[in-house]
Structures are given as structure tokens and as C-alpha cells.
């Protein structure tokens, strides 16, 4: 029996947890068949934890976050369990989800403009959530918004109140969006590639800010950039084709990588110092088509360690050391990626 | 003006001098100075990286050289002529010698043309003497060289992944064996696992064809792998030009240092030792650039002189640096 099938029984385990996801599957019906965007993911988030989720496009990392918010596109078929402080969110109505969204669980995106209304002044957008969820008075909401602008290090917060999004730089907009997300004091902040569209010096500022803000909320940050995760997260998951292929504490995962895909991702990063390879180690082939996944391990067609068993069934996510899980049949040493 | 003989050994393949580009902005007499007095050379068969953040003017330099936007001032010597002064048929004839690869491979390919038509088009334009069979032979050879198969010939761009589409763009750009290739963020839009494939391919092809490359990028890691020399731009001005090793091992300009320190490193222990961001603030508006050194408003080492005088590019160690205080910083 696969780990994904066994998983739902563990649901009660995360009583102290903030978020417990078990056997989550998200599928869409398309012209070319069922597209399995998320395919049996388990995830636990403790209060105050900073979790990184790494994956390329099509890995299911964004769909995973959207499921927690109940914001998957219409037609998504969702199975499994997502519990927030024990409360089941899968199948919960819009009334329940609406009361949590923004209030208890907030989300920020790659492009801050997707979350900002270009026609409204910053002040109104910042205080909207507070007035809606907590019925705060105009002056109380304003006080709180100014506090938050200060917390995200926005200079001259009073002046920003009257400004429109287009008057601000990209980095400033992302700070505003983060302030907006935190204004109702949510327990969980979901961040989808929050620094990808920013310049590298501004990215460093926003990452420093997120490290500071983790005292306010547990954070799940999704990115394609392993460097970003190394900078901020305590623990990380690596996703490929809708599944978690490796999970461990960040130090452990970087020092004792056990999955060939994680190894390949790490090896393809060009270091900024030290010896420079003549050729970059690269993963052959292309990321898989989620509408036409192979029957076995989805990474097998690109894997340097593939053997006959890999085609049988997807390998289950199983422990290789305390707190370190991976989904792979190959048990020998890595180091073959050149 | 004397014209150096083409192909003479020691002549740079491209020599850009005092390039300036400004755009009119709505409002009375308002200008946006996108590129301001930029000079550099690229030796034959070498790759010059041009790095900078958004608004640095790196793409504008590429566009000006390709004559997609007009330069306000400056010259660009290439094959014995000033690229920026060419017009009409002479400009058109020169185009076979310089080609470009764009960031978004899908957006740069005509969705109504098959792969065969896309790659063949430069031959139809510039090699009219070739017959159909000869053209097809060249197309197939190039397709194979960039790692695509003949089965791809009759497909359309939307049927390809980002990495494959970039291979098509590379094949099209190399079809005429250009002398100069401008790569504008050629791998930034690609998935992590695909980036290294395309970076390797570009490097192999450059060596094989002996092409001179101008590699525009914001990704310092990609630049370290792909470039022999690197030019660092900030707000339209050159901050530093240095050979690769010097730039990464002994960066001289405070901005270069900050850029290198800002890149997230995939090493948790090292990452955790650097808690604060190396630079505050953001790039100022090019409509109102700071006086003196344009970087001084964010520079941790700025002194009074930095607001008064524009620093000239001058040699320090193996680099050319535009900083009044480069020596003091060591």
C-alpha cells in the first residue's frame, strides 16, 4: 500500500499542528484527459514554522497552496484532507473558507499587482480586510495599517496611505501586499514565488523581511529557487510532477541529499565562487506533462539512476533518517550527476 | 574618420563608444536617460556579459546596437563601419552578421509559422541563390545541432516547451553564421533544469562557430558561467568592467559587491550567516537621477565628493571602475 493511501489515517497526529494536509489530490479534466496537478501530498505546518516548497513549473507547488485557500480554478477535483487547527477545509463551504481566507490564512503572489487594485489608494486596500473580518472602525483600522507599514519598513507610511499602486516601486508594492496579508494577524502566510519578479538587491530585502515576520505567522514559501529556500526556511519539501519527492530540515536536505532530482537541481546551480565547471551538470529531457505521467516514478525518464523497478509504480515517500523522507527506489550512493 | 581594415588581428569585434539613448517622456522637455556614455569593447570570439537590475539600461543597449531603438549619441564599430550610422539597404545587408536571441522564446516565434519556415526564413532572405533542397539540408543540420529532431520540422511553436522553443530561436539566429550574437536574457525564463541545458548549448555553439557574444542578463550565476568579461550597469551608466575572475573574486565597485552578496546561496549555513540585505532602497527614477555618482543614494561608502563629481571609469587592479573611493575600499 502506498504512503499516500495510508496517509489519511494519520490525520489526528498533528493536534499541535496548525495545518495538516493528508493525501491531497487535485485534478482537472482537460481535453487530453485527467491532469493530476497534485498527486497525494502530505504536509504538516507547526506554529511559527517556516516551510519551503521547491519545484519547477508543473510540479504542483502553486496548486498545493491554492487548495489551502480553496482557490483552485473551477472544475478542480479535490480529494484528501486539509485541516486547519483540526477543522476540515476540503469540501467546506464558501462561508467557512471565506471567514478563514485573509483572516486566519493569507496568501501573497509573485506579482504584487495581482493583489492590488490599481484604482484605489493604498490606505483603503490595506484596511479593507480589517474592516470586513473584524468590523474595525475606520480610525482603529488606520492605526493598525500604519503599524503594519512600519513593520514592513515602508518609509513615510502616512504619505503612502493616499498613494496609488502605480506610484510605488515593485519592492514597495510587495511590502504593501505583505502588510495587507498580515493585517488581520493570520496564523499562516502562504507565499507563492514572492521575490521572483524582484531585482536581486530588492529580493534580498524582502527575504530579510520575511525572516523577521516569521514571529507573526507560520510561513509556507513556494519557489523554484533553492537559494531562496536556503536563505529563509527551516524545513523543505521538493516537489516533482505533483508529488513530494524529498522532505527534510533545510540543512539536512542540502548536506545529505537523497533524491536524484534534488541532487540534479542542486548540481545545476552555478556557484558564485570556487571552481567553475566547464559544462553545467544538467538534467536531460523536459519536465513531465502532468496530463500524461508515466505509470512509475515520474522522474524516471530523466533520472541518472533509473533501473527496472522505477517503471512499476510511483515510489512511496518513506523515511531514510529521522525527519528525512524521500520517494525513490534507488538505494545506492548519489554523485552520478555530471 | 579612418576605418580600420576589417578582420585585422587585434581589432575588437565590437567597439562601442559613448553610447547614449534617451527617450522622450510626456510633459514639456522631459527626457528619460536610459543609457548614458557607455563604452566597451568585445574581442573576437569572446562573450561580454552585461548585468544590471531593471532600469539599468542593459536591454536598451542591445536594442540600440540592433537598431531597434535610435541612439542619441555614440558609435559602435563593427566590421569596419559604425553600426549606428548605417541606413537603408546597407543596414539591411549588415543584419545577416548580427542576430539576437530573446528572453521569451515563445513570444519571439511567429505562431503561424512551422519550425521549418522559421529556421528557413533567414536563408530565403539572405541566401536567395540556395535552392529548396540545399535550404532544407542546412535547416536539418542546424536542427540536429541544437538538439531538435527532423520530426519537429512541421510543428508549430505552441507545441514546444520553453526549452525547445529557445532551441528553435537559437537555430534561427545561427542559420546565417552571424559574427555577433546578442543574447537578451536567453535563459532567465526557463525552468531550473532546462537553464543548464541551454547555457551549455550556447557555450558549445559559440566555440564551434567562433561567434562574438553580448550576453545581457540579471542572473549573476548565469553570467559567471557564460561570460569572459562582465560589464556592470546601474541607472544607465557603467559601474565596473572586469574579466570574470576579477569581477567575482575581487569586485571593486560597491554596487558589484552588493549585487554579489544579494544573490541567495543554496547553502543554508552560509545563507544564515548573512542576516541583513546588503543594500537598502531601490534604483532611483531615471527621470531624476542623482547628481555625481548615480549609485551614491544607496552606497554605504558614499562621501561628499560622490554627490559632486561623476566618477570616471578608470583602472583599478584588473578592473575598470567608476568609483571615487575604489582604492580605499581595497
* Looking at B:110, B:104, which one is touching a helix residue (DSSP H, G or I) at 6+ places or on another chain (Cβ under 8 Å) and either touching a residue at least 40 places away in the same chain (Cβ under 8 Å) or surrounded by fewer than 21 Cβ atoms within 10 Å (Cβ to Cβ) (or both)? -> B:110
* **Matching entry among B:251, B:311 (being over 27 Å from residue A:173 (Cα atoms), within 11 Å of chain A (Cβ to nearest Cβ) and buried (at least 21 other Cβ atoms within 10 Å of the Cβ))** => B:251
* Asked: So which of A:251, A:193 ends up being at positive phi and either within 11 Å of chain B (Cβ to nearest Cβ) or in contact (Cβ under 8 Å) with a residue 12 or more places away in the chain (or both)?
  -> A:193
* Would you check if there is a residue in the range A:299-306 being within 14 Å of chain B (Cβ to nearest Cβ) and farther than 26 Å from residue A:33 by Cβ? => yes
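Residue check: is residue A:73 closer than 20 Å to residue A:313 by Cβ and at pLDDT below 95? I'd like the intermediate steps shown before the answer.
On the way: closer than 20 Å to residue A:313 by Cβ: no; at pLDDT below 95: yes.
No: the conditions fail for residue A:73.
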* Asked: Among the residues of the range A:196-223 satisfying the criterion of being more than 27 Å from residue B:234 (Cα to Cα) and assigned to a loop (DSSP other than H, G, I, E, B), which is farthest from the other protein chains (Cβ to nearest Cβ)?
  -> A:217
* Structure fact -> From the option list A:126, A:120, A:146, single residue qualifying as crowded, with 22+ Cβ neighbours inside 10 Å and either at positive phi or outside the structural domain of residue A:218 (by TED's automatic domain parsing) (or both) is A:126
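Select from the range B:225-245 the residues that are in a helix (DSSP H, G or I) and either away from chain A (no Cβ under 13 Å) or crowded, with 22+ Cβ neighbours inside 10 Å (or both) and list them in ascending order. Let's see the steps before the verdict.
We begin by selecting, within the range B:225-245, every residue in a helix (DSSP H, G or I); these are B:225-226, B:244-245.
Hits for the range B:225-245 are B:225, B:226.
Collect the residues in the range A:86-99 that are surrounded by 15 or more Cβ atoms within 10 Å (Cβ to Cβ) and either assigned to a loop (DSSP other than H, G, I, E, B) or at pLDDT 95 or above (or both), keeping them in residue-number order.
Step one: list which residues in the range A:86-99 are surrounded by 15 or more Cβ atoms within 10 Å (Cβ to Cβ), which gives A:89-90, A:92, A:96-97.
The answer is A:89, A:90, A:92.
Just the residues that are more than 8 Å from chain A (Cβ to nearest Cβ) and free of Cβ contacts under 8 Å to residues at least 60 places away in the same chain, please, taken from the range B:275-297.
Listed by number, the residues that qualify are B:281, B:284, B:285, B:288, B:290, B:291, B:292, B:293, B:296, B:297.
State all residues of the range A:308-326 that are in a loop (DSSP other than H, G, I, E, B) and under 17 Å from residue A:258 (Cβ atoms); if no residue qualifies, say none.
From the range A:308-326, those in a loop (DSSP other than H, G, I, E, B) are A:312-317, A:322-323; that's our starting set.
If the condition is that a residue be in a loop (DSSP other than H, G, I, E, B) and under 17 Å from residue A:258 (Cβ atoms), then A:314, A:315, A:316, A:317, A:322, A:323 are the ones that fit.
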* Asked: Is it the case that residue A:264 is surrounded by 20 or more Cβ atoms within 10 Å (Cβ to Cβ), in the same structural domain as residue A:330 (by TED's automatic domain parsing), without any contact (Cβ under 8 Å) to a residue 12 or more places away in the chain and within 30 Å of residue B:164 (Cα to Cα)?
  -> no
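Criterion first (within 13 Å of another protein chain (Cβ to nearest Cβ), surrounded by fewer than 23 Cβ atoms within 10 Å (Cβ to Cβ), touching a helix residue (DSSP H, G or I) at 6+ places or on another chain (Cβ under 9 Å) and not in a loop (DSSP other than H, G, I, E, B)) does residue A:131 satisfy it? Full working, then the answer.
Details: within 13 Å of another protein chain (Cβ to nearest Cβ): no; surrounded by fewer than 23 Cβ atoms within 10 Å (Cβ to Cβ): yes; touching a helix residue (DSSP H, G or I) at 6+ places or on another chain (Cβ under 9 Å): yes; not in a loop (DSSP other than H, G, I, E, B): yes.
In short, no.
Do we find that residue B:140 is more than 14 Å from every other protein chain (Cβ to nearest Cβ), buried (at least 22 other Cβ atoms within 10 Å of the Cβ) and at pLDDT 95 or above in this structure?
Details: more than 14 Å from every other protein chain (Cβ to nearest Cβ): yes; buried (at least 22 other Cβ atoms within 10 Å of the Cβ): no; at pLDDT 95 or above: yes.
So residue B:140 does not fit the description; no.
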* For the range A:270-285, state whether one or more residues are within 14 Å of chain B (Cβ to nearest Cβ) and under 24 Å from the mean Cα position of the chain (by Cα). => yes
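Could you check how many residues of the range B:262-274 are within 9 Å of chain A (Cβ to nearest Cβ) and either surrounded by fewer than 18 Cβ atoms within 10 Å (Cβ to Cβ) or not in a helix (DSSP H, G or I) (or both)?
So the first thing to find is which residues in the range B:262-274 are within 9 Å of chain A (Cβ to nearest Cβ), and the list is B:262-272, B:274.
Narrowing the set further to residues that are either surrounded by fewer than 18 Cβ atoms within 10 Å (Cβ to Cβ) or not in a helix (DSSP H, G or I) (or both) leaves B:263-267, B:269-270, B:272, B:274.
Adding up the residues that qualify gives 9.
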* Taking the options B:215, B:209, name whichever one is surrounded by fewer than 16 Cβ atoms within 10 Å (Cβ to Cβ), away from chain A (no Cβ under 13 Å) and under 30 Å from residue A:287 (Cβ atoms). => B:209
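The values are calculated or read from the model by the stated rules, or taken from the named source; none is laboratory data. Here the structure is a predicted model, which is why all the values come from computation and not from measurement. Neighbour counts are summed over all protein chains in view; Cβ atoms, including those assigned to glycine, are modelled from backbone coordinates with ideal geometry.
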